[in-house]
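Working notes, beginning with the structure itself.
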There are 2 protein chains.
Amino acid sequence: MSSIQLTKRQEKIVEIVKNSGPITSEQIAKKLNLTRATLRPDLTILTMAGILEARPRVGYFYSGKSPRALIAEELRKLRVKDVKAVPVVVREGTSVYDAVVTMFLEDVGTLIVVNEEGFLEGVISRKDLLKVTLGQTDIHKVPVSVMMTRMPNIITTFPEETVYMAAKKLIEHEVDALPVVRTLVDSEGKEKLEVVGRITKTHITRLFVELGEAE
Amino acid sequence: MSSIQLTKRQEKIVEIVKNSGPITSEQIAKKLNLTRATLRPDLTILTMAGILEARPRVGYFYSGKSPRALIAEELRKLRVKDVKAVPVVVREGTSVYDAVVTMFLEDVGTLIVVNEEGFLEGVISRKDLLKVTLGQTDIHKVPVSVMMTRMPNIITTFPEETVYMAAKKLIEHEVDALPVVRTLVDSEGKEKLEVVGRITKTHITRLFVELGEAE
């Protein structure tokens, strides 16, 4: 990719397209005092190398894709539904003690709290639980609903969202996990969030490793 | 990248190089009953598109780089030293209670435990601390050294290691953070690990977001 050596003429073409694109091959030929036939191999090479892009009836324009831009393009193709794991949920009434036990048994860092109908009510992290266990609270009696994060403060994602956007939410909102939800509207027109998965920093890290694997 | 349309002849060339590479342009020309001059534009295009690679005095060989292979190549260029953060450390004698407080004050999920000389002694995570606070232990009296992970069980990385390898360690060993260390040898020939940073799943996730940013 980075080893493309352009000829003087190819460099001139790139310069013209950068400044005047979109531009037709006829217009480029005119500017260089050459025939279209002479230009054709150069335009083919520049297009194949991904430096120029051609659109029918529009002409050539500069794509200027660096390896980094190509990576960004590829990364943004990945969807949450391709990466997400099953959600680990507890009911609102679950005690803090039972929540911690569930966290250890399932080996997750975040629990998703659902109501009796199974819809999203809250999120509770290892950090939240650690804070509680430090205090004087009787963790066998207090339910998770007392210290969980509630709507509208829960940051969620959905199956069709890009993994890039989900990762951005994890970083910007400083959370370790996002519930993956599907929005349903009940008979009264009220929105309810069905929990269909979870996505965490562990999944992003695993994806990073997979992307780094040689094929 | 993925939009490269090869001609029949270019496809034949790729096939020949795949099967017989490294192979010189003369040998390819002979196999196709063509002159080298006729082949030259095709070989140029295939090389520029990154499908073939040319080495002086060796010939052409098939690189077959897909967008994913290019991503892997780029990702593997990143080093731990480019990403790592400052380490958050406590001394071996620190009480569990003080460790939890440090964790909240510094907002980290893992603390690195060092001895009096400042060398790596242990690692303690939010998960380890949550386990302790659940029990009957007096967290004001018990030091972190009682439940921390010790050498040789600590998974470490070093500044020159690739971020890819560090991420692989995070996933394979199921830890959230790695101490970044430099190995020193003391006057008695004993190895000591100086802690120079930490790298976590949060750093990998942030890097993922940066790689996904459009330029």
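The values are calculated or read from the model by the stated rules, or taken from the named source; none is laboratory data. What you see is a predicted model; the values in this text were computed from it and never measured. In this analysis, Cβ positions are derived from the backbone assuming ideal geometry, glycine residues included, and neighbour counts consider all displayed protein chains. Side chains are part of the model used for accessible areas, which takes the heavy atoms of the whole protein and leaves out ligands, DNA and RNA. Shrake-Rupley method; radii C 1.70, N 1.55, O 1.52, S 1.80 Å.
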Exercise: per-residue mean of other protein chain Cβ atoms within 10 Å, B:41-54: 4
Whole-angstrom gap from region A:99-172 to region B:141-215, using each part's C-alpha centre: 27 Å
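Buried accessible area for the A:B pair, summed, 1.4 Å probe, in Å² rounded to 100?
5200 Å²
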Carbon and sulfur %, accessible surface of region B:80-212 computed with the full protein complex present, 1.4 Å: 48 percent
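If you take every DSSP beta bridge whose two residues both sit in the protein assembly as shown, what share of them, in percent to the nearest 5, is antiparallel?
Taking every DSSP beta bridge within the protein assembly as shown, about 85 percent pair in antiparallel fashion.
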Give the angle, between 0 and 90 degrees and rounded to the nearest 10, that separates the Cα long axis of helix B:96-106 from the longest principal axis of the Cα atoms of chain B. 50 degrees
Across the Cα atoms of the protein assembly as shown, what radius of gyration and what greatest pairwise Cα-Cα distance (Dmax) are found, in Å? 28.5, 88
Note the angle between two axes, namely the Cα long axis of helix A:36-48 and the longest principal axis of the Cα atoms of chain A, as a number of degrees from 0 to 90, rounded to the nearest 10. 20 degrees
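Per residue, how much accessible surface does chain B expose to a 1.4 Å probe? Answer in Å², no decimals.
53 Å²
When you look at the Cβ of every residue in B:155-165, what mean number of other chain Cβ atoms sits within 10 Å?
Average per residue, whole number: 1.
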Could you work out the helix-only [θ] at 222 nm for the protein assembly as shown, with each DSSP H run of four or more residues adding -39,500 (n - 2.57) and the total divided by the number of residues, to the nearest 500 deg cm²/dmol? -12000 deg cm²/dmol
Taking every residue in B:124-130, how many Cβ atoms of other protein chains lie within 10 Å of its Cβ, on average? 4
Show me A:122-135, A:47-60 ranked by packing, highest mean number of other Cβ atoms within 10 Å first. A:122-135, A:47-60
Full extension from residue B:165 to residue B:191: what is 0.36 nm times the residue separation minus their Cα-Cα distance, to one decimal in nm? 7.1 nm
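Looking at region B:122-210, I'd like the Rg to Rh ratio, where Rg is from alpha-carbon atoms and Rh is Kirkwood's inverse mean 1/r. The partial results should precede the final answer.
Numbers: Rg = 15.5 Å, Rh = 14.9 Å.
Across region B:122-210, the Cα-based Rg/Rh ratio is 1.04.
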Convex hull volume of region A:19-111 per residue (C-alpha atoms, cubic angstrom): 170 Å³
Considering only DSSP beta bridges whose two residues both sit in chain B, what percent are antiparallel, to the nearest 5? 85 percent
Once the label point is placed 7 Å from Cα along Cβ, list for residue A:213 the distances to the corresponding points in the other copies, in nm, shortest first. 2.9
With DSSP loop assignment and no more than 11 other C-beta atoms within 10 Å, the trypsin sites (Lys or Arg not before Pro) in region A:133-215 are A:141, A:190
Could you tell me what percent of the accessible area of region A:8-65 is made up of carbon and sulfur, with a 1.4 Å probe and every protein chain present? 48 percent
If each of residue A:105 and residue B:117 carries a label point 7 Å out from its Cα toward its Cβ, how far apart are those two points in nm? 4.6 nm
R0 = 51 Å: FRET efficiency of residue B:58 with residue B:134, Cβ-based, nearest 0.05? 0.20
Convert 10 °C to kelvin, take the viscosity as 1.306 mPa s, use the Kirkwood radius over C-alpha pairs of region A:8-65 as Rh, and evaluate the Stokes-Einstein diffusion coefficient in µm²/s, rounded to a whole number. 146 µm²/s
Quick one: plug the Kirkwood hydrodynamic radius of chain B (C-alpha pairs) into Stokes-Einstein at 25 °C, 0.890 mPa s, and report D in µm²/s. 115 µm²/s
